[in-house]
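Read the structure below first, then the notes.
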Amino acid sequence: MGDTIWQSMQKKGYSRRDFLQFCSAAAVVAGLGKSGAAQVVSAFEKKEKPAVLWMHFQECTCCSESFIRASHPIVADALLDVLSLNYTETLMAASGFQAEKSLNDTIQNNKGKYIVLVEGAVPTKDGGVYCMVGGKTAESILQTVAADAAAIVAWGSCASNGCVQAAKPNPTGATPISKLVNKPVINVPGCPPIADVMMSVVTHLLVLGQVPELDNQGRPKEFYGRRVHDTCYRRANYDAGLFVESFDDENARKGYCLYKMGCKGPVTYNACSVVRWNEGTSYPIQSGHGCIGCSEAGFWDNGPLYQHLTSFPGFGIESTADTIGTAVGVATLAGVAAHAVVTNIRKRSVIAEVHAEDQKES
């Protein structure tokens, strides 16, 4: 048996106090609260460091970039002392045959115990030639690493729902991970997902040894159970009918609601406004830009990013993706279509009026 997490930290010079502080931070991030610190301590004292394979397919590496900027707990600690990150094209020093050997050895020596983290969609058209690593297609690699995995996590919207690669007309046949493997997949969507949310999912797997509670789209309910709109600090302005009309107007300076600027917060499930980014400093809406709904499936095809929904039903804050389902997306598309029709009618009316005026003058 290899070193436990605590033994590994001891060898690196961490004190017992450092270890306990680390466990407390991990408990909070995992949603266990401070009272769950003892549970984390017990797990990290006894459990062997799990082997991890971090795969990269059709993506831009923004999920990795987000993860390595996590702050609670410190990602350097997570990578070096909590996980055995045996394979990842982005961060590993090895290359070529050495890298492939590390991948194959991890699978053979840790069957049923290793964790697979996948970043990016998988192309399925034309034999999968649009994404190949070491002469193998992404799909064949995925099937190999998934076969004996203890858990599979799809990082980001590319792996969770296809993201921009799967946007119409989807020329490469980009496909989400969950549609290609015959076992449960934890989807952690976002473009990219929040770093601390990513760390929380990993901690949950380590501490409890099981998949967190998921919604009907395979997302952890702890972080994707409420809409961005429900916890947004600008919600009061929405309720009061105070909206930004253009990005440079006085209402924008006052921090009014960005709904009319295309904010998709009312139909987007994520923890952005609670967990936030950059050590809990801010998130897109706080920086003055509306939510683009990046954690929702098909967000690239769900209408213009800067066009607001023409109507939006007032679901209660208790509503979840499970209870609302895909009806919101359908309503959104219908709203966009209706808006286009109304806009064209208005344009034709204005054109007719101008033409009539011209006729009078002539």
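The values are calculated or read from the model by the stated rules, or taken from the named source; none is laboratory data. Small disclaimer: the values here were computed from a predicted structure and weren't measured. Positions of Cβ are backbone-derived with ideal geometry, glycine not excepted, and every protein chain shown enters the neighbour counts.
For the range 238-252, name all the residues that are more than 27 Å from the chain's Cα centre (by Cα) and part of a helix (DSSP H, G or I).
ASP239, ALA240, GLU250, ASN251, ALA252
Given the conditions (1) under 24 Å from VAL164 (Cβ atoms); (2) modelled with pLDDT of 90 or more; (3) of a type in the set (S, T, N, Q), report the number of the one that ASN278 does not fulfil.
(2)
Is it true that some residue in the range 236-253 is within 30 Å of ILE152 (Cα to Cα) and surrounded by 15 or more Cβ atoms within 10 Å (Cβ to Cβ)?
no
Taking the options THR172, THR144, name whichever one is among the hydroxyl-bearing types (Ser, Thr, Tyr) and assigned to a loop (DSSP other than H, G, I, E, B).
Only one candidate passes the filter, namely THR172.
Filter the range 285-310 down to the residues that are among the hydroxyl-bearing types (Ser, Thr, Tyr) and within 21 Å of ASN251 (Cβ to Cβ), then identify the one that is modelled with the highest pLDDT.
Applying the filter and picking the extreme gives SER287.
Any idea which of LYS183, LYS179 is in contact with a strand residue (DSSP E or B) (Cβ under 8 Å, 6 or more places away or on another chain) and either more than 30 Å from PHE22 (Cα to Cα) or touching a residue at least 60 places away in the same chain (Cβ under 8 Å) (or both)?
LYS183
Are any residues in the range 1-56 over 27 Å from the mean Cα position of the chain (by Cα), outside any helix (DSSP H, G or I) and within 30 Å of GLY120 (Cβ to Cβ), and if so, which ones?
GLY2, LYS47, GLU48
Could you list all residues from the range 175-194 that are assigned to a helix (DSSP H, G or I) and surrounded by fewer than 23 Cβ atoms within 10 Å (Cβ to Cβ)?
Within the range 175-194, SER178, LYS179 meet the criteria.
Kindly indicate whether ALA150 is modelled with pLDDT of 95 or more and assigned by TED's automatic domain parsing to the domain that holds PRO192.
No, not satisfied.
ALA167 - would you say it is within 23 Å of LYS264 (Cα to Cα), surrounded by fewer than 24 Cβ atoms within 10 Å (Cβ to Cβ) and touching a Phe, Trp or Tyr at 6+ places or on another chain (Cβ under 8 Å)?
Yes; evaluated as a whole, the condition is true for this residue.
Is at least one residue of the range 260-270 part of a loop (DSSP other than H, G, I, E, B), under 14 Å from ASP230 (Cα atoms) and β-branched (Val, Ile, Thr)?
yes
Determine, yes or no, whether VAL118 is under 21 Å from the mean Cα position of the chain (by Cα) and either farther than 30 Å from VAL41 by Cβ or surrounded by 19 or more Cβ atoms within 10 Å (Cβ to Cβ) (or both).
Answer is yes for this residue.
Looking only at the range 121-146, which residues are hydrophobic (A, V, I, L, M, F, W, C), under 25 Å from VAL202 (Cβ atoms) and surrounded by fewer than 18 Cβ atoms within 10 Å (Cβ to Cβ)?
The answer is VAL133, and nothing else.
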